[in-house]
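Some notes on the structure that comes next.
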Protein chains: 2
Amino acid sequence: MSLPSTQLSASLEDYLEAIYILSRSGKAARSKDIAEHLQVARSSVTGALRLLADKRMVHYKPYGYITLTDHGRQLAGRIVGRHNVLDAFFCEVLGIEPDTAQEAACLAEHAIGSQIAGRLRLYLEFLDARKQAGCDVSSAFRDYCRRAEDG
Amino acid sequence: MSLPSTQLSASLEDYLEAIYILSRSGKAARSKDIAEHLQVARSSVTGALRLLADKRMVHYKPYGYITLTDHGRQLAGRIVGRHNVLDAFFCEVLGIEPDTAQEAACLAEHAIGSQIAGRLRLYLEFLDARKQAGCDVSSAFRDYCRRAEDG
DNA sequence: TAAGATAATTAGCTGTCCCTAACTTTGCAA
DNA sequence: TTGCAAAGTTAGGGACAGCTAATTATCTTA
């Protein structure tokens, strides 16, 4: 049984995200660029694009340009948002190294829904507000980590 | 190409986790129990058990008892630990409803590594220590949420 | 202990997601 | 303008992960 047309698998979310990012940072995303970005074979991209087109997420004609539909752009934006808030939380709050944080964010972005993403965003905002008010929780946590981990 | 024998797919991690949980809360896990716990067909369990046996995670003979190897138990414990720390963070810190938190933890447990899990555990510990010291960050965040979300 | 119920496995299928190799299309440059 | 290189697609195949239906094994109980 296939997914409801509005729901994407983690893999298709990755393709959508890649197209979104490539479109932002330059011109139209080509199949080859997507393949490089995701480190998959070009033929895998063709298959994914067909599925995304079925789900009305991209405008796709063989050998043509690839662009996002309004719907696709909206969803891609949400996915990138989830990615970014996770990455920020891992780095800024937990003090995880950028590469590890990035990698985990890539995977976890498919696991959390809008509710958790929203709350996490709010949490970062909240910590920031406290910091402005002179209470830097995150840096206190760094100290706590040093004491706990290094000894 | 198959996964290195020490690495499990998210799906196989779920099976391993189920066996671990069932083994704890009662007697030996039967195939049927695993199927019910994960809401899959019994035949799917048979297939998964074969793969887990290949990877030396479970002791498995057709029609026999299913038990975890030392290695499998160790890994399962880590997975359950990741699940629990995520669930606790979502519930206690972000104030997410238990069902939503549980569901997200189920998915995200396959996304974060031991480093992030460890830090998250430490973070919860840290917040608790602060709370003992009279600074309840989480409850302050609840207030912040109410103001931000309800208005 | 033999039959029926329950549990487990096998066989065969579907769909996803990736790969390589071969082929087609497109675009650029001599 | 033709011919080659780059880009894209198609064909075919493998691993994974699930399903149903049919079969086999085990257990229980009359």
- Note on the structure: Checked the range B:104-124 for anything part of a helix (DSSP H, G or I), of a type in the set (D, E, K, R) and more than 8 Å from chain A (Cβ to nearest Cβ); matches are B:121
- Among the candidates B:77, B:95, which residue alone is modelled with pLDDT of 95 or more, small (Gly, Ala, Ser) and within 13 Å of residue B:19 (Cα to Cα)? B:77
- Task: Working carefully through the options B:124, B:107, find the one that is modelled with pLDDT of 95 or more, closer than 18 Å to residue A:138 by Cα and either touching a Cys at 6+ places or on another chain (Cβ under 6 Å) or not assigned by TED's automatic domain parsing to the domain that holds residue B:20 (or both).
- Result: B:124
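Conditions tested, residue by residue: (1) modelled with pLDDT of 95 or more; (2) more than 8 Å from DNA strand D (Cβ to nearest atom); (3) away from every other protein chain (no Cβ under 14 Å).
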{"site": "A:7", "(1), (2), (3)": "no, yes, no"}
{"site": "A:12", "(1), (2), (3)": "yes, yes, yes"}
{"site": "A:18", "(1), (2), (3)": "yes, yes, yes"}
{"site": "A:21", "(1), (2), (3)": "yes, yes, yes"}
{"site": "A:24", "(1), (2), (3)": "no, yes, yes"}
{"site": "A:29", "(1), (2), (3)": "no, yes, yes"}
{"site": "A:35", "(1), (2), (3)": "yes, no, yes"}
{"site": "A:42", "(1), (2), (3)": "yes, no, yes"}
{"site": "A:57", "(1), (2), (3)": "yes, yes, yes"}
- Message: Among the residues in the range A:77-88, are any in contact with a His (Cβ under 9 Å, 6 or more places away or on another chain) and away from DNA strand D (no atom under 16 Å from the Cβ)?
- Response: yes
- Message: Residue under question is residue A:101, and the condition is that it be in contact (Cβ under 8 Å) with a residue 24 or more places away in the chain, in a helix (DSSP H, G or I) and either out of contact with any strand residue (DSSP E or B) (no Cβ under 8 Å at 6 or more places or on another chain) or closer than 20 Å to residue B:117 by Cβ (or both); does it hold?
- Response: no
- Answer yes if at least one residue in the range B:69-76 is within 14 Å of DNA strand C (Cβ to nearest atom), surrounded by 15 or more Cβ atoms within 10 Å (Cβ to Cβ) and hydroxyl-bearing (Ser, Thr, Tyr), and no otherwise. no
- Note on the structure: Note on the range A:133-147: residues part of a helix (DSSP H, G or I) and touching a helix residue (DSSP H, G or I) at 6+ places or on another chain (Cβ under 9 Å) are A:137, A:138, A:139, A:140, A:141, A:144, A:145
- Message: Testing residue B:63 on (1) away from DNA strand D (no atom under 13 Å from the Cβ); (2) free of Cβ contacts under 8 Å to residues at least 24 places away in the same chain, one condition comes back false. Which one is that?
- Response: (1)
- Within the range A:21-54, work out how many residues are within 10 Å of DNA strand C (Cβ to nearest atom) and part of a loop (DSSP other than H, G, I, E, B). 3
- Residues satisfying the stated conditions in the range A:69-125, i.e. more than 18 Å from residue B:106 (Cβ to Cβ) and among the acidic types (Asp, Glu): A:70, A:87, A:92, A:97, A:99, A:103, A:125
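The values are calculated or read from the model by the stated rules, or taken from the named source; none is laboratory data. For clarity, every value in this text was computed on a predicted model and none was experimentally measured. For neighbour counting, all protein chains shown are included, and Cβ atoms are generated from backbone atoms with ideal geometry for every residue, glycine included.
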